[in-house]
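Working notes, structure below.
The values are calculated or read from the model by the stated rules, or taken from the named source; none is laboratory data. Quick caveat: nothing in here was measured; it's all calculated off a predicted structure. Note that we place each Cβ from the backbone using ideal geometry, even for glycine, and neighbour counts take in every protein chain shown.
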Amino acid sequence: MPTTPSDARCLACQRGSHDTPLIRLEYLDKPYWICPQHLPILIHDPARLTGTLPGAERLEPAEHHD
Ligand SMILES: [Zn+2]
């Protein structure tokens with residue numbers, strides 16, 4: 001069954017597109033959504049999404065530039 005945009009929820013905070021802009025991603029052939037507030041987690045600390053995003057523990061955090 002296709003997931004409709006109205007089912008879209010942020011991976012981290014579960015807010016829908018009525019509450020926040022959502023960015024759609026695709027991982028392991030499945031669609032996911034994340035809001036701009038939590039996008040940095042996916043980029044810098046994807047392990048925090050373990051349990052929410054299946055396979056998140058396999059993601060490498062992006063390099064920090066400090
Ligand atoms: Zn969020």
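Can you work out which of the residues in region 51-61 that are within 16 Å of the ligand (Cβ to nearest atom) and out of contact with any Ser or Thr (no Cβ under 6 Å at 6 or more places or on another chain) is farthest from residue 9 (Cα to Cα)?
Per the stated criteria, the residue is 51.
Identify all residues within region 14-28 that are part of a strand (DSSP E or B) and within 11 Å of the ligand (Cβ to nearest atom); write none if there are none.
Once the filter is applied, which keeps residues that are part of a strand (DSSP E or B) and within 11 Å of the ligand (Cβ to nearest atom), region 14-28 yields 16, 23.
Are any residues in region 5-41 exposed (fewer than 15 other Cβ atoms within 10 Å of the Cβ) and of a type in the set (Lys, Arg), and if so, which ones?
24, 30, listed by residue number.
Hey, does region 29-44 have a residue that's more than 12 Å from the ligand (Cβ to nearest atom) and in a helix (DSSP H, G or I)?
yes
Within region 48-63, track down each residue that is in contact with a helix residue (DSSP H, G or I) (Cβ under 7 Å, 6 or more places away or on another chain) and either surrounded by fewer than 13 Cβ atoms within 10 Å (Cβ to Cβ) or at pLDDT 95 or above (or both).
57, 62
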